[in-house]
Amino acid sequence: CDEPKKPPKAPGTGIGRESGTWGRAHTERGWRVIPGMTACVTVPVHTVIDSPVGPLTAVAEGEALTGLYFARHRRRHRLPDVGPLVEPGELFRAMESQLRDYFAGRRREFDVPLAPRGDAFSQSVWALLRGIPYGGTRSYGQLAQALGRRGAAQSVGAANGANPISIIVPCHRV
């Protein structure tokens, strides 16, 4: 990660030189710098935004959106740890602005960085979903054929249903 070697001291927080350790509190970037480690560990953070379809929980790790969930998300029992609630930073503000424009009919594509978590097959299905144009639709069979796996329509459907980034990765177009 591109974090500074020694984050600035944060008086009264137990983080920084006063505690004898170097670290960083949860932020939208989700960095946690740990002494003696050669890499940063990202932790998920989330915020809740209002939308015309109800409250949406946005989850990020590092510099990318990893989840966007409806309040009554179908697979709620499978939701990952969304981390602590944070004030919206740059990523969440950009996503919220783009969603607002989308719902108002002024935007058809999103350009916030995405990092959905899933196996290779699910990743390939979600990549195809992102390629479906605004107003377009596809069937599970068409997506399976595009993947070169004609008999995988049910697997495509399962990956579509497990899409962690609702609306932005348009599973509603299938």
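Computed from backbone phi, the HN-Hα couplings of region 133-138 come to x, 3, x, x, 9, 9 Hz, rounded to whole numbers (Karplus: 6.51 cos²θ - 1.76 cosθ + 1.60, θ = phi - 60°; Gly and Pro given as x).
Solvent-accessible surface of region 45-148, averaged per residue with a 1.4 angstrom probe and all protein chains in place: 58 square angstrom. The charge dipole of region 90-141, taken about the Cα centre with unit charges on the Cβ atoms of Lys, Arg (+1) and Asp, Glu (-1), comes to about 160 debye, rounded to the nearest 20.
Restriction of the trypsin sites (Lys or Arg not before Pro) in region 83-124 to DSSP coil positions whose beta-carbon has at most 11 other beta-carbons within 10 angstrom yields Arg106, Arg108. By its C-alpha gyration tensor, with a ≥ b ≥ c as the square roots of the eigenvalues, how is region 88-152 shaped: rounded for a/c under 1.5, else prolate for a/b larger than b/c, else oblate? Verdict is oblate for region 88-152. The residues packed around Pro44, meaning those with a beta-carbon under 9 Å from its beta-carbon, carry a net charge of -2 if Lys and Arg are +1 and Asp and Glu are -1.
The values are calculated or read from the model by the stated rules, or taken from the named source; none is laboratory data. Please read all numbers here as calculations on a predicted model, not as lab measurements. Glycine also receives a Cβ, built like all others from the backbone with ideal geometry; neighbour counts cover every protein chain displayed. For the accessible areas, the whole protein counts, side chains as well, though only heavy atoms, and no ligand, DNA or RNA atoms are used. Shrake-Rupley method; radii C 1.70, N 1.55, O 1.52, S 1.80 Å.
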